[in-house]
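Scroll down for the structure; my scribbles are underneath it.
The values are calculated or read from the model by the stated rules, or taken from the named source; none is laboratory data. Keep in mind that what you see is a predicted model, and the values were worked out from it rather than measured. Note that each Cβ is placed from the backbone with ideal geometry, even for glycine, and that neighbours are counted across all protein chains shown. Keep in mind that these areas ignore ligands, DNA and RNA; they rest on the heavy atoms of the full protein, side chains included. Shrake-Rupley method; radii C 1.70, N 1.55, O 1.52, S 1.80 Å.
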Amino acid sequence: QSKDDLERRTIEAVRLHRELLRAAEHHHRLWRKAAESNPDMGELGDLREAYREALFEAQAQQMALSMLLDELGWIPTLPENDDLPDGKAVR
């Protein structure tokens, strides 16, 4: 594949990783907030599991991103907030 294609795929992977991190952070906030308000244990367990799944997905994407960055050989520059207004990453 060309360097341009690899760079494009790497940038998409960075954006996806950012989106997945935001999702994991959101689930973490929900879980912690629920833990503070003493919900039933079933609800708390469900929220914790949703957080763990989101975190696992972000970590898996991070490994894929790392491989792309290794193959590319450098880190592309992206604006910190280069997402669409609705919060979804550009793909």
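I'd like to know if segment 69-90 contains one or more residues that are closer than 12 Å to LEU21 by Cβ, under 16 Å from the mean Cα position of the chain (by Cα), at pLDDT 95 or above and surrounded by 15 or more Cβ atoms within 10 Å (Cβ to Cβ).
No, segment 69-90 has no match at all.
From the set of residues in segment 1-13 that are open to solvent by less than 70 Å² (accessible area, probe 1.4 Å) and of a type in the set (D, E, K, R), which is farthest from GLN59 (Cα to Cα)? Let's see the steps before the verdict.
Step one: list which residues in segment 1-13 are open to solvent by less than 70 Å² (accessible area, probe 1.4 Å), which gives 2, 5-7, 10-13.
This time we only want the ones that are of a type in the set (D, E, K, R), so: 5, 7, 12.
Numbers: ASP5: 24, GLU7: 21, GLU12: 16 Å.
The residue in question is ASP5.
Scan LEU30, LEU16 and give me the residue that is assigned to a helix (DSSP H, G or I) and either aromatic (Phe, Trp, Tyr) or open to solvent by less than 60 Å² (accessible area, probe 1.4 Å) (or both).
LEU16
Go through segment 41-68 residue by residue and tally those that are open to solvent by 100 Å² or more (accessible area, probe 1.4 Å) and either farther than 22 Å from HIS27 by Cβ or modelled with pLDDT under 85 (or both).
Going through segment 41-68 one residue at a time, the tally reaches 1.
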